[in-house]
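Structure, as structure tokens:
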Amino acid sequence: MFKKDNGCVIYSYETRRRAQYFLIKEGLVIDPANKINEIMDVVVEDGLIRAVGKNLEKQFPIARVIDAKGKWVVPGLMDMHVHLREPGREDKETIDTGTQAAAAGGFTSVACMANTNPVLDEESKIRYVIQRSLNCASKVYPIGAITKNLEGEELAPMGEMIKAGAKAFSDDGRSVEKSNIMRNALNYSKSFDVPVICHCEDIGIAQKGHMNEGVVSTRLGIRGIPSIAEEMTVARDLLLAEYTGARVHIAHVSTAGSVRMIRDAKSRGVMVTAETAPHYVTLIDADVGMYDINKKMNPPLRTVSDREALIAGLADGTIDVIASDHAPHLPEEKDVEFDAASFGVLGLETSVGVIITSLVKTGRISPSEMVMKMSVNPNKILKTDGGTLSVGMPADITIINPDAEWTVDSRYFFSKSRNTAFEGMKLTGYACCTILDGQIVFERN
């Protein structure tokens, strides 16, 4: 058992509460896959959803009752874009600590990117991640590399990685520069009906910039990354997807132009899905302030108009998924000059609070839409068995207190790293209980 001073507890595999039955009582069950959005009970038995309905307490010999009054009971959340750093950079994060952070954030599953050291570009490395994740606090779905060693020159053995358990392919952290390689990757992925997750960045246009190119970067004297660095590659990958008929997923969308092109591509029937991250719908480039290194990520924070376009894209379905792009870094990689600091911020333990505070409480999206984008859609895109509270399915459940107020304090994170963009921010809403395969893996207070 791992306990923090603020009352948050992660139960290790050996200490998890293995009640044969338990009932989650009178929570607001939000299950978009089954069109449920009302006060109900949920019964869990032997790791599966046994029943969902009203007044179930008398129908089952329940060993434990979890009072969920005033809380949301939702299908276990999924973050389909995280960096767990293992193998190779266990000083930043491990599969164990990363899944603890996931559980503390309400995520019962995560998809980890391939840019480890060594890169996840062959069958044995995919199997390694799956083996290391057994008995961890959340499920881990590995994403295989598109190209060998992320070098963009030769396709990695996709078929072998799919057989080993890879759910998609991405060279995230780098864009596949050569269009012929990307076309071949899409053609090959089509035969397995899995998505290619695109990190969209024209490095020639980005020119080793460090934040959004604009008034703020000019004032601070920092080399900027223009929005077209993202948009040019989004345009190319959408055209390639349309030409090949393959599935693409555009990662960490940050600009209004990208939203517009994705919306247009969907209207033409292109098989595209897309994600954005909590920091892009909350913060803007001006929040970098006086060189705040914990607001440096790639793509960078953009402008108010970009942020509004992203929120509109979430609301109208253009953007399917909210994913954290959880990117742990050591203090010495961040506590340096802005130009020298590493790109990336944490996200697993703040995503729920940030989205409830910024989007749900403000009426920009509904609680049901939040669950769609943080549970139903990512599971659908990666073709996993989560995202639903259907009877007979694995009991992966997140209980959320949508009204609890708290202040982000990275000292209490379960992640190994502390590089959050939201340090000190007052948020509303958090996961108070995370249930994985019918076992309670996380509780708060």
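The values are calculated or read from the model by the stated rules, or taken from the named source; none is laboratory data. These numbers come from a predicted model, not from an experiment. Heads up, the Cβs are rebuilt from the backbone with ideal geometry, glycines too, and the neighbour counts pull from every protein chain shown.
On inspection, LYS92 fails the criterion of being under 29 Å from ASP403 (Cβ atoms) and of a type in the set (Lys, Arg).
Scan region 72-88 and give yes if some residue there is out of contact with any Phe, Trp or Tyr (no Cβ under 8 Å at 6 or more places or on another chain) and either of a type in the set (Asp, Glu) or at pLDDT below 95 (or both), otherwise no. The answer is yes, given that some residue of region 72-88 is out of contact with any Phe, Trp or Tyr (no Cβ under 8 Å at 6 or more places or on another chain) and either of a type in the set (Asp, Glu) or at pLDDT below 95 (or both).
Please indicate, with yes or no, whether at least one residue in region 393-415 is in a strand (DSSP E or B) and free of Cβ contacts under 8 Å to residues at least 24 places away in the same chain. So far as region 393-415 goes, yes, one or more of its residues are in a strand (DSSP E or B) and free of Cβ contacts under 8 Å to residues at least 24 places away in the same chain.
Right, ILE293: of a type in the set (Val, Ile, Thr), at pLDDT 95 or above and under 21 Å from ILE250 (Cα atoms) or not? So ILE293 fails the test. For the condition part of a helix (DSSP H, G or I), in contact (Cβ under 8 Å) with a residue 12 or more places away in the chain and of a type in the set (Ser, Thr, Tyr), THR233 qualifies. Of the residues making up region 209-227, those that are within 24 Å of the chain's Cα centre (by Cα) and assigned to a helix (DSSP H, G or I) number 1. When region 109-132 is limited to residues that are among the polar types (S, T, N, Q), without any contact (Cβ under 8 Å) to a residue 40 or more places away in the chain and touching a Lys or Arg at 6+ places or on another chain (Cβ under 7 Å), the one that is farthest from VAL74 (Cα to Cα) turns out to be ASN117. Pairing residues of region 96-107 that are among the charged types (D, E, K, R) with residues that are at pLDDT 95 or above, at Cβ distances under 9 Å and at least 6 apart in sequence or on separate chains, gives ASP96/GLU86; ASP96/ARG132; ASP96/SER133; ASP96/CYS136; ASP96/ALA137.
For every residue, the table says whether it meets (1) in contact with a Ser or Thr (Cβ under 9 Å, 6 or more places away or on another chain); (2) more than 26 Å from GLU443 (Cβ to Cβ).
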site: TYR291; (1), (2): no, yes
site: ASP316; (1), (2): no, yes
site: ALA327; (1), (2): yes, yes
site: PHE343; (1), (2): no, yes
site: GLY347; (1), (2): yes, no
site: VAL352; (1), (2): yes, no
site: GLY363; (1), (2): no, yes
site: PRO378; (1), (2): yes, no
site: VAL391; (1), (2): no, no
